[in-house]
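So the structure is just underneath, and the comments pick up after that.
The values are calculated or read from the model by the stated rules, or taken from the named source; none is laboratory data. Owing to the predicted nature of the structure, the values given are computational and were not obtained by experimental measurement. When we count neighbours, we look across all protein chains shown, and the Cβ atoms used for this are built from the backbone with ideal geometry, even at glycine.
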Amino acid sequence: MSNLEWKPSLSHIHNSQIAKFIEFIQQNHGLNLKDSDALYDWSIKNPEDFWSLFWQFSQIKASKLWDKVLVNGHDMLQAKWFVGSQLNFAENLLKRRDDSLAIVFRGEDKVEWKYTFNELYQQVAQVANGLKAIGIKKSDHVAGFMPNLPQTTIAMLATTSIGAIWSSCSPDFGIQGVLDRFSQIEPKILFTIEGYFYNGKTIDCMDKVAEIVKRLPTLKQVIITNYTQNTADISNINHAIWWNEFTLSHQNNTINFEQVSFDHPLVIMYSSGTTGVPKCIVHSVGGTLIQHLKEHILHTNLTYNDKIFYYTTCGWMMWNWLVSALAVGATLLLYDGAPMYPTPDVLWRYAKEYKMNVFGTSAKYLASLEKTGYKPGQDQDLSSLYAILSTGSPLLPESYDFVYKEIKSDLCLASISGGTDIISCFALGNPTKPVYRGELQQRGFGMAVKIYTDEGNEAQVDEKGELVCTAPFPSQPIYFWNDADKSKYKKAYFEKFPNIWCHGDYAALTRHNGIIIYGRSDTTLNPGGVRIGTAEIYRQVETITDIVEAVVVGHEVAGDVKVILFVKMQANKLLTDELRKTICQKIKHGASPRHVPAQIIAVNDIPRTVSGKIAELAVKQVIHGEVVKNKDALINPDSLKLFENLVELNKA
């Protein structure tokens, strides 16, 4: 039985941005590439030609072009791209200036704001000139403790327009979680809010903000957006001013875009922090811009007239990725709040009303949506939608079926995978290729992605191993903060295979030139010495409607590893012996007998990081009596107590 889910039409392929780029290469390089597979192979063998031609094709704006495309290309730690070029990130995102919509924002059912491209430019100008007036300059640090509001995008663009460096967390982070991040980088400005909406509730943030500000002594100004219409007294918060007051006092509507080098710092992002204080990962202006443009234009087929949505918070790299779509000239559709409040149709009504073209979300959302029984395709006009993107965890094969049956049969469903480490993707969509059930369509153009065995050999098709990248790429981090000799950087990615980026994903290449991700390498299981991926177990468990979600870990006992599956049940549902048998049968037949857990235990909650990922490593540490070093990296740290001193673990 074929696992083909969707195939693009010939006209769709011919009119794609990939086809136009292939034509551009032929015109400028005299090279005839027959399809996207040929384009990928050529991009890996000729990285300097690929990236420089894509720079021209995507019309990146620069005050000075490069002297050399790539220096030290033999050394992944020391490689430098587009040496000698001068550009500005915000200038590239603000190229379009007309009265079309640049941003539409919805905050649950409470708030809707809209900005045209002209209005966006003027707002950024006011904030940028306000920042300069209080002494903020190139390379200073500006932080955002914000929901996914237009003001967050405006603040980031204003920051980067003057060559300063942006960093953000979402307001669901705990105080210590914020301080673990921002205290390392010592910001001079904090953009924040007085509260936000979630799941029908108004969450007040004033006490949290006051405490954070008190413990960040480098702050010169705290700029507070009035989002929930809470006109609270802010006199007790040092250096605080309301957003409207700040912008009204700086009415200069012209931006002087500070020109910086390609590898000038743009944004500081953070590792999850579940094994200690988060690492501060610094990404570059040019690397982020060209990589995001490549992914938007070639891999997503995004154009000037499109509207793109991604359900994300400002603590997740997908927020940065979404905002970069402004560089294409596309409209951002922003949303902040619970994705299924008050009903599961909330995001799909938004899609219908604004004729959304690209719908981005997490694999968990799609699995949860299916369990509600809601069928967007039957209820909403989604004729404008041509792509659904999914990330955060491997997309279940059953979710492919759900999308094509119950959302829309004619679209490109792209499961994408990369991470904070590269502020982009190693594997993602390709609108000119078929979609196969359970597979990520395409390795990123210009990304020399391979699968290696533990011995460092290149794996065969369908052979599982480590996802690696064997050559430099522009969106590598330029460095980690407070890591002058790059020792932390080297340890994070290059320790397992010298001079080869080891990403930490357990994966396999497919015969379609796609990829299947089986889970994180550090959470793969080794029962009886056989390595298996946790995603293979989740794929089976997620299909059982009585289970909300699950976490699977290895319990080390007597020199071996037992597979332990913890499940969170739906309200009023019990984990019976009969259900345990059903789960084991599904896993045995859907994965293999080795994947069948030694024990299945019900718990009331599953710990997740603030970016929504299941914290497998933290659960494993708790059941082994180890200390979880940074519980503030979790959105629900109290859930870890459910895994302490479990009597059930000693029964089998």
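Quick one: in the range 379-412, which of the residues that are at pLDDT below 95 and part of a helix (DSSP H, G or I) is farthest from GLU542 (Cα to Cα)? Steps first, answer last, please.
Applying the first criterion (at pLDDT below 95) to the range 379-412 yields 379, 391-399.
Then keep just the ones that are part of a helix (DSSP H, G or I); that gives 379, 397-399.
Details: ASP379: 24, PRO397: 10, GLU398: 9, SER399: 10 Å.
My answer is ASP379.
Checking ASP172 against (1) touching a residue at least 24 places away in the same chain (Cβ under 8 Å); (2) of a type in the set (D, E, K, R); (3) part of a helix (DSSP H, G or I), only one condition comes out false. Which one?
Condition (3) is where ASP172 drops out.
Looking only at strands (runs of 3 or more DSSP E) that lie completely in the range 218-285, which have at least 1 residues being aromatic (Phe, Trp, Tyr)? Don't jump to the end; show me each part of the working.
Values: elements: 221-225, 240-242, 265-270, 280-284.
Filter on the range 218-285 gives 240-242, 265-270.
List every residue pair whose Cβ atoms lie under 6 Å apart, where the two residues are 6 or more positions apart in sequence or sit on different chains, the first residue falls within the range 8-25 and is of a type in the set (A, V, I, L, M, F, W, C), and the second residue, located anywhere, is surrounded by fewer than 16 Cβ atoms within 10 Å (Cβ to Cβ) and assigned to a loop (DSSP other than H, G, I, E, B).
ILE25/LEU31
Looking only at helices (runs of 4 or more DSSP H) that lie completely in the range 32-145, which have at least 3 residues being out of contact with any Gly (no Cβ under 8 Å at 6 or more places or on another chain) and touching a residue at least 60 places away in the same chain (Cβ under 8 Å)?
Values: elements: 36-45, 47-57, 89-93, 117-133.
Qualifying helices (runs of 4 or more DSSP H): 36-45, 89-93, 117-133.
In the range 106-134, how many residues are among the hydrophobic types (A, V, I, L, M, F, W, C) and either over 22 Å from VAL222 (Cβ atoms) or surrounded by fewer than 20 Cβ atoms within 10 Å (Cβ to Cβ) (or both)? I'd like the intermediate steps shown before the answer.
Of all residues in the range 106-134, those among the hydrophobic types (A, V, I, L, M, F, W, C) come to 111, 113, 117, 120, 124-125, 127-128, 131, 133-134.
Then keep just the ones that are either over 22 Å from VAL222 (Cβ atoms) or surrounded by fewer than 20 Cβ atoms within 10 Å (Cβ to Cβ) (or both); that gives 111, 113, 117, 120, 133-134.
Adding up the residues that qualify gives 6.
Please find, within the range 513-547, the residue that is farthest from LEU369 (Cα to Cα) out of those that are free of Cβ contacts under 8 Å to residues at least 60 places away in the same chain and of a type in the set (Val, Ile, Thr).
THR524
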